[in-house]
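Beneath this line is the structure, given in structure tokens, with notes to follow.
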Amino acid sequence: MPMLGHSLVAVLCLSAGSALAQHSIDPLMMEQGAALYAQNCLLCHKDAGQGMMDVFPPLAGSLNLEEPDITVGNIHQGVVTMPPFPWLTDAEVAALATYVRNSFGNSHGGVTPAEVTAIRAGLEPPGTVRSIWDGVYTQEQADRGREVYGSPCGLCHGSRLNGDPDNQYMRPAPPLARANFLRVWDGRSLGILYSYARWTMPPNNPGFLPDEDYIAIVAHMLATTGAPPGDVPLSMDVHDLGRIRIGPAP
């Protein structure tokens with residue numbers, strides 16, 4: 001029987017190791033990770049992990065996913081246009097990291113909660129998580145948002161921010177305020193909302209507004225929903241906004 005070359009042996013061992021790692025991953029962890037991905041990541045990274053518009057990078061084939069510390073660090077503290085997810089437990093971060101590292105054609109093995117705990121211990125503390133009901137915007141911001149909302153947003157989302165279901169000329173867009181908005185965005189953060197709106201809206205000319213107008217529109221959405229104003233304006237930093245969660249009134 002002929003001897004196999006060293007390179008072919010290495011390939012066969014690597015393939016066998018990857019298959020073994022994939023086989024040993026807890027399917028319940030993958031199921032939990034899939035649910036967390038749908039809640040927190042799908043909007044920007046898409047269903048096949050392909051990313052979006054050169055702004056939200058693809059997860060399919062991402063070299064960063066090979067390193068658990070990078071994956072966990074990005075989930076914990078955010079990176080560039082991606083907000084942090086500080087409210088996720090170590091077990092949830094482990095499930096999400098395991099899912100993205102072993103989906104979309106990736107096969108990098110699982111991450112345990114103990115590994116997440118150790119990685120997070122070397123990172124900055126997550127900071128205080130607040131709610132949209134904690135007075136996170138100013139009335140001045142909301143007033144500015146109401147002024148600039150109409151032309152770029154109202155045509156699709158309606159003057160009442162209700163998705164304009166009676167519009168005969170445009171396809172109705174998702175509601176941006178009140179109960180339906182809270183239902184769709186429950187558990188997500190203002191960081192996801194702002195980053196997605198800032199880089200993808202309006203679809204025919206994304207990002208054409210100044211940053212302060214995008215964040216003002218977010219304040220207008222909160223005011224229309226009934227969340228109270230406060231004394232400090234909303235930040236335009238996606239990492240700060242990632243610590244403000246959307247949900248029903250307490």
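A few remarks follow.
- Three principal axis extents describe the C-alpha atoms of the chain; from largest down they are 78, 42, 30 Å.
- Normalised convex hull volume, the range 140-236, alpha-carbon set, Å³ per residue: 94 Å³
- Placing +1 on the Cβ of every Lys and Arg and -1 on the Cβ of every Asp and Glu, with no other charges, gives the chain a dipole of roughly 480 debye about its Cα centre.
- Neighbourhood net charge (15 Å Cβ-Cβ; Lys/Arg +1, Asp/Glu -1) for Pro206: -2
- Averaging 1/r over each pair of different alpha-carbon atoms in the range 23-121 and inverting the result gives 13.2 Å, the Kirkwood hydrodynamic radius.
- Charged-residue dipole, Cβ positions (Lys, Arg, Asp, Glu), the range 23-121 about Cα centre, Debye nearest 20: 140 debye
- Considering only Asn180, Thr138, Thr200, and ranking their Cα positions along the charge dipole of the chain that arises from unit charges at the beta-carbon of Lys, Arg, Asp and Glu, the one farthest toward the positive end is Asn180.
- Looking at the range 192-250, the chymotrypsin sites (Phe, Trp or Tyr not before Pro) that sit in a DSSP loop and have at most 16 other Cβ atoms within 10 Å of their own Cβ are Phe208.
- Here each label is just a point 7 Å from Cα along the line to Cβ, and for Ser131 and Leu155 those points are 3.8 nm apart.
- Structural descriptor for the chain: relative contact order 22 percent, calculated from alpha carbon pairs under 8 angstrom and at least 6 residues apart.
- Potential lengthening between Met52 and Glu66 on full extension [0.36 nm per residue; Cα-Cα distance subtracted]: 2.9 nm
- A simple charge model with +1 on the Cβ of Lys and Arg, -1 on the Cβ of Asp and Glu and nothing else charged puts the dipole of the range 131-245 at about 460 debye relative to its Cα centre.
- Averaging Cα coordinates gives a centre for the range 121-146 and one for the range 215-241; these two points are 7 Å apart.
- Dividing the helix sum by the residues of the chain, where each DSSP H run of 4 or more adds -39500 (n - 2.57), gives a mean residue ellipticity at 222 nm of -14000 deg cm²/dmol.
- Positive minus negative residues near Ala34 (Lys, Arg vs Asp, Glu; Cβ under 13 Å): -3
- Förster radius 25 Å - calculated FRET efficiency between Thr200 and Leu123 (Cβ-Cβ, nearest 0.05): 0.30
Quick note: the coordinates plus some simple rules give every number you see, no bench work behind them. Quantities reported herein were computed from a predicted structural model and do not represent experimental measurements. Cβ coordinates were reconstructed from backbone atoms using ideal geometry, including for glycine residues, and neighbour counts include every protein chain displayed.
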